[in-house]
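Novice: This structure is in structure tokens; I'll ask about it shortly.
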Number of protein chains: 2
Amino acid sequence: MDLDRIDFELLRLLRKNARMANKELAERVGVAPSTALERIRRLREARVIQGYHADIQPKALGITLQAIVAIRLTQHTRALVDSFREHLLQLSEVLAFYHLAGADDFQVHVAVQDADHLRDFALSAFAQRPEVAHIETRLIFEYRRGDELPIYVQSADD
Amino acid sequence: MDLDRIDFELLRLLRKNARMANKELAERVGVAPSTALERIRRLREARVIQGYHADIQPKALGITLQAIVAIRLTQHTRALVDSFREHLLQLSEVLAFYHLAGADDFQVHVAVQDADHLRDFALSAFAQRPEVAHIETRLIFEYRRGDELPIYVQSADD
DNA sequence: TTTGAAATACACAATGA
DNA sequence: TCATTGTGTATTTCAAA
């Protein structure tokens, strides 16, 4: 699928505010509402838009502490890496994970209620597992995500 | 602000799908549409809901490579850290950053078009700056974010 | 606070350019 | 592929409980 300027603009607007009404999206990009609706439907279908998510303030959920847990595995077979990924996806403390090339195989962004919770979680979810060779926990002072499209819109023709 | 079970449920639904219609949100949590609207308005106002963002497939934007750049600063004065944060926020290649306790002061999640772009960017945006003592770049094989609320909903009374 | 009802605005589909 | 139009549905406001 290739995208023109209007598609990029729709993506940019939806990244900024995923709840913007279709009518307003249409106005801002300069097409009819039905056109915007159809384009967005297709972007969704083509999985260019992967989802829409609300960002929730961690403190409101009782989260006072966030950390990155860097993990080294004992082996790097496909089966072991895949099963470790699946394990990560099931943990409610895991906000996100990175599978990396480098000394650390994974970096896991975790959110916990307090230091006790972090210790218990790091031990039971990671350190205790046989495929984990080494873990290192780094406290997060601040985490911030951008809400702009990461790449400048290339001036693609229509 | 404290939240009851209905608020948590609204947050959970909006985290899963930020474009869910208000009427459906209301039905699912068992209140009238006008009530759902009012509750969400207040959650937004109290900044419990910080925003709504579409997730865009990186490849559709011409991004083929993502990396974490770990950065150590030369000093750790407030002024220097703050100005470095500001610098990060202005870079379109930066998807997110972590300010950490630990040897690495920052980890920056970056998205680039190719390896050349990564090298140029790492050099010009980071390595070249006088406040940066050391950088290390780690390729990302996979990045994945959860779309569930991180903490199990505490059974708070209403 | 929540609600139902009224008015307003919107989404969506069909049609035709 | 887009805009127009029409219809049904949703959003939003507000007065009352």
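Novice: For the range A:2-17, what are the residues that are without any contact (Cβ under 8 Å) to a residue 60 or more places away in the chain and not in a helix (DSSP H, G or I)?
Specialist: Hit for the range A:2-17 is A:N17, nothing else.
Novice: Starting from the range B:81-98, take each residue that is facing another protein chain (nearest Cβ under 7 Å) and free of Cβ contacts under 8 Å to residues at least 40 places away in the same chain and list its partners that are open to solvent by 40 Å² or more (accessible area, probe 1.4 Å) and not in a strand (DSSP E or B), counting only C-beta distances under 7 angstrom and pairs at least six apart or across chains.
Specialist: Hits for this filter: B:S92/A:E148; B:S92/A:Y152.
Novice: Could you tell me how many of the residues in the range B:62-80 are within 8 Å of another protein chain (Cβ to nearest Cβ) and touching a residue at least 60 places away in the same chain (Cβ under 8 Å)?
Specialist: Looking only at that region, the number is 1.
Novice: Restricting the search to the range A:16-26, which residues are open to solvent by less than 20 Å² (accessible area, probe 1.4 Å) and either of a type outside the set (A, V, I, L, M) or within 9 Å of DNA strand D (Cβ to nearest atom) (or both)?
Specialist: A:A26
Novice: So, one more: Which residue pairs have Cβ atoms under 9 Å apart, sit 6 or more places apart or on different chains, and have a first residue in the range B:28-41 that is within 8 Å of DNA strand C (Cβ to nearest atom) and a second that is among the acidic types (D, E) and open to solvent by 50 Å² or more (accessible area, probe 1.4 Å)?
Specialist: Short answer, once both residue conditions are applied: B:G30/B:E9; B:P33/B:E27; B:A36/B:E27.
Novice: Could you check the range A:14-35 and list, in sequence order, the residues that are among the hydrophobic types (A, V, I, L, M, F, W, C) and within 17 Å of A:M1 (Cβ to Cβ)?
Specialist: Selection gives A:L14 alone.
Okay, residues lined up against (1) outside any loop (DSSP other than H, G, I, E, B); (2) among the hydrophobic types (A, V, I, L, M, F, W, C); (3) within 14 Å of chain A (Cβ to nearest Cβ); (4) within 25 Å of the chain's Cα centre (by Cα):
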position	(1), (2), (3), (4)
B:A26	yes, yes, no, no
B:R41	yes, no, yes, yes
B:R44	yes, no, yes, yes
B:H53	yes, no, yes, yes
B:A60	yes, yes, yes, yes
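Conditions tested, residue by residue: (1) within 16 Å of DNA strand D (Cβ to nearest atom); (2) open to solvent by less than 70 Å² (accessible area, probe 1.4 Å); (3) outside the structural domain of A:L123 (by TED's automatic domain parsing).
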| position | (1), (2), (3) |
| --- | --- |
| A:E9 | yes, yes, yes |
| A:R28 | yes, no, yes |
| A:R41 | yes, no, yes |
| A:Y52 | yes, yes, yes |
| A:Q75 | no, no, no |
| A:E86 | no, no, no |
| A:S92 | no, yes, no |
| A:Y98 | no, yes, no |
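Novice: Okay, next question. How many residues are modelled with pLDDT of 95 or more, over 29 Å from B:L88 (Cβ atoms) and either assigned to a helix (DSSP H, G or I) or within 16 Å of DNA strand C (Cβ to nearest atom) (or both) if we restrict to the range A:118-158?
Specialist: Summing the residues that are modelled with pLDDT of 95 or more, over 29 Å from B:L88 (Cβ atoms) and either assigned to a helix (DSSP H, G or I) or within 16 Å of DNA strand C (Cβ to nearest atom) (or both) in the range A:118-158 gives 6.
Novice: So for the range B:131-142 (the condition being farther than 21 Å from A:R144 by Cβ and open to solvent by less than 60 Å² (accessible area, probe 1.4 Å)), does at least one residue qualify?
Specialist: Taking every residue of the range B:131-142 in turn, at least one turns out to be farther than 21 Å from A:R144 by Cβ and open to solvent by less than 60 Å² (accessible area, probe 1.4 Å).
The values are calculated or read from the model by the stated rules, or taken from the named source; none is laboratory data. The shown structure was predicted, so the numbers you read here are calculated from the model rather than taken from an experiment. Virtual Cβ from ideal backbone geometry, glycine too; neighbours counted across all protein chains shown. Accessible surface areas use protein heavy atoms only, side chains included; no ligands, DNA or RNA. Shrake-Rupley method; radii C 1.70, N 1.55, O 1.52, S 1.80 Å.
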